[in-house]
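Every number in this text was worked out from the coordinates using simple rules, so none of it is lab data. Keep in mind it's a predicted model, so treat the numbers as computed, not measured. Glycine gets a Cβ as well: all are built from the backbone with ideal geometry, and neighbour counts include every protein chain shown.
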Amino acid sequence: MSSHEPTCARVLPLRTPPAAREPLWRDVVGDVLRRERQAQGRTLKDVAEDARISVPYLSEVERGRKEASSEVLAAAARSLGLGLGDVLSLAQHELAHRGAPSRTSPAHRPMGEVRLAA
């Protein structure tokens, strides 16, 4: 290669990490129900019977596998000594603290990571 030929640099695109998956409402509500049940030292069977829900169904709701109706959520909440509003409020609080992507305007969003390659 002569000293007069231009040298070309090869630019490689940087792979960006995949965007974090926003948590699903059913996952968050299920986590709240499970945490409240366990904090009270109660079994799935105890809460399900009290709420008149099948044990497998309550288990699926707690694991975020089933999207429970408001009637089922209210029954489970009552069984735990809570109101439906309490469960929803706890779920909203948890959602806000899980680091879900913000829905604020782009001007108020934090800027992404900057990577430089040499």
Quiz item: Using only Cα atoms, what Kirkwood radius does region 25-97 have, in angstroms?
Solution: 11.7
Exercise. Work out, step by step, the length gained on full extension between Asp86 and Arg98: first 0.36 nm times the residue separation, then minus their alpha carbon distance; give nm to one decimal.
Key: 2.5 nm
Quiz item: Residue separation times 0.36 nm, minus the C-alpha to C-alpha distance between Arg78 and Glu22: what's the value?
Solution: 17.3 nm
Quiz item: For Arg65 and Arg15, what does the FRET efficiency come to when R0 = 25 Å and r is the distance between their Cβ atoms, rounded to the nearest 0.05?
Solution: 0.20
